[in-house]
Every structure is written in C-alpha cells, then in structure tokens.
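Comments concern the structure below.
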Amino acid sequence: MDRPFDTGAPTVRDRMEAWQAVTKDSLPPSVISVDRAEDFRASLRVTRPGAGQVTALTDSSPRYRRTPLLVRRSDPGLYSIGLIRRGVRHLSQAQKETGADLSDLVFYSTFTPFDARVLTAEESALSVIAQFPQALVPLPPSAVDALLGSRFSGRKGIGALLAQLLTQLARDDSAYSPADGARLGTVLLDLVTALLAHHIEAGAAPSESGRRAMFTRVRAFVEQHLGDAELAPVAIAAAHHISTRSLHRLFRDHGLTVAAYIRHQRLERSRQDLADPALATRPINTVATQWGFPHPETFSRAFRTAYGLAPRDYRHARLGHGAPDLGTAAALPGGWRDPSSTWHPPSMTGVSPATDPSLVPATDEGRLSTGRCP
C-alpha cells in the first residue's frame, strides 16, 4: 500500500498545490476547483492489487474536470468504477448525467472527458475508486463504452459483492502478501467484468424505456409535492439523483418545461377543488395556498389565463350560482368547457391532451405576488 496522504499543509495555497500534485500520481489528471479553498480538506489511501489500483478518497465538495486537452495530453487508458460511501457525486461523461448516492457504483474512464462534482452536507464525502487498464477487460470495447457515465447498485447482486471487496481493500492491506495482492487483483477484475457483462446483457445502458420510467417517477414526485411552494427543478433533480440539465432535457423531450408542468398540475388541482360542492365554503385563497400558490393575485391571473374565467366566476359557473350558460362554455377563452369529464385545456406543442391530458401545461409563467382573489 502507498503511504496515506492528507492535506495537512498549514496554508490554503500549500494545501491545494499538494492535492493537485498527489492526485496527478494517483488519479486521472484533472482540473480541480473548490468553492471555498479555505474549507477544503482531502485525503487518500492507495492500494495496488495486481494490475489494478484502489483509492480510498475523502474530499470536501471539489469539482474534478478532465478536459479534452488533458485527455489528449495524457491518457493512461483506464476504466474506473467508484463506490460512494458518503455524500453524493454527480458525473457527466459520454453525454450522460449521473447522480450517485450511498452504496451506488458509478462507471467512467480516463479516455473520455468528464466533469465530476462532490456534494455533501457533512464535513466530507468518501468514496472508493478502482482503476484498471481498458485492455484487461475481456468484453467488446464498444459495449463497455456504452456504459460510461452509468450508475449501478452496490446493494444487491454482483454490485454488492464488488462493493464489499472495494470496502475491504480500502481499509488496510497489511495482512496481504504480494502474492495475495496479485490474486485479489484478479478477483477485483473478474467482479468488475461480471458486473459490466451483467448490465450489457440486461441492456442497462440508458434507453428510451429507462427515460420513460424516469419521467413517470418524476411526474409522480411532482404531483405528490404540489403543495410545497418551494418545489423547484433543483429539488426535483436532487430527489432523483440527476442533474437539473438532465431534468429539463427529460421534460423537453416530451414537449414540456418543468415550470409549465408544475404550474398546470397546481392549477388543475385548484380547479377541481373549486368545482367540488363539498368544498364550496372553502375560501379561494385557501384552495390556492394548498396547491402551492401562496399569493392570490397571481393565482387569479394564472387561472384566468389557463381557463378563461376568474377563480370566483369558475366556481360560480360549476356550482350553478347564476353564472353563464354552461352549454355555451366551450366558446369561452382558454378552452374551458363543461362537463369536466370532457374538458381539455389548451394543448402545448408536441403534446396531445386526447392521449395524455395531464401533460398539458399552463401558459402563465409569471412570478407570484400578493393580492386578493377576485
């Protein structure tokens, strides 16, 4: 085992320079940056079983960027697989965005540029990274490379076996002889190969069906948290271990925006409550607040834009308090019509309300403000 390294230098400059130097020898050369250099702490411990390398890495929220220039300048031709033991790591590689949490495994390489960020609410994040030459993996390179930037579970199956071995190797190798190290290197490579083969055969590389499943999960999450006025893309993406850019792209692929979808779902729930006779005495402001609209004035404006009526007028129309003839409601602005079972709001480009009414967005993207519902 190499001598453990810790950023114990007395000054910020010395500390960062020391970390840059040691990572050049132990990890793929990268551009390292931190938000607050004075708070940065890091340590690593390296084990070299056989032809591989295992690095136990502790660091406090840095960013590692392996740029195209660094790839061209120096590429050791390594695959890497990292086990997350504390904190969250976001990786962007091969046009994929991956968020890895506790006991997840993330797969990447030195010969493709990447951007990796460490996020942790604790003092530091902890991961164990295995590196091994690309040439030693007895699988079709194109199939393996299709998995770059992917996240695998380290809690079950082959992933759990690999996670246990990485955890043990990162602790201490003083009980292992050189011959043991060579054998453990073979075991490590075999487990990594088995994990990659499993996911290649299972088609675990991101697919259209996988994106549809993610979109379904995200929509369900949004609908469960509509009453939270702070619901926003950052929180949604974090809850699903993806980047905000990936989240926006996921919605864009369905002809939507995240903000429009949230707004529409909130308006729909509000509209349903306003049309419910059992809730006829509930103040409109209360209905709006319950569904994530804390400021009544903008709720009224958004509701009128989406449905062609002010909230009070809509409630009167649905509950029969001398409102316009519902038989002619189809001609009202905003696409509102009665009965509600046949009502469809205006469509958004690329989305058909006939096939999925829940996807139709509201059109008002204004900021919320204080005021009184008309």
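About the Cα centre, and with charges only on the beta carbon of Lys, Arg (+1) and Asp, Glu (-1), how big is the dipole of the stretch 153-286? Nearest 20 debye, please.
Working: 16 positive and 13 negative charges, 99 e Å.
Dipole about the Cα centre, nearest 20: 480 debye.
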SER33 to ALA232: FRET efficiency via 1/(1 + (r/R0)^6), r the Cβ-Cβ distance, R0 30 Å, to the nearest 0.05? 0.75
Can you tell me the dipole magnitude for the stretch 5-201 around its Cα centre, using point charges on the Cβ only (Lys, Arg +1; Asp, Glu -1), in Debye to the nearest 20? 200 debye
Residue-span extension gain [ALA135 to ALA259] - 0.36 nm each, minus C-alpha spacing: 40.0 nm
In vacuo Debye sum over C-alpha of the stretch 5-201, base-10 log of normalised intensity I(q)/I(0) at q = 0.11, 0.13, 0.16 Å⁻¹, listed in q order, is -0.47, -0.67, -1.04
Gain in span if fully extended, THR67 to ALA182, counting 0.36 nm per residue against the direct Cα distance: 38.1 nm
Estimated distance in nm for a label pair at ALA213 and THR112, the labels positioned 7 Å out from Cα along Cα-to-Cβ: 2.0 nm
Karplus-derived 3J(HN,Hα) from phi for the stretch 261-270 (6.51 cos²θ - 1.76 cosθ + 1.60, θ = phi - 60°), whole Hz, x at Gly and Pro, runs 5, 4, 4, 5, 5, 5, 5, 5, 5, 5
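No value in this document is a laboratory result; all are computed from the given coordinates. Owing to the predicted nature of the structure, the values given are computational and were not obtained by experimental measurement. Virtual Cβ from ideal backbone geometry, glycine too; neighbours counted across all protein chains shown.
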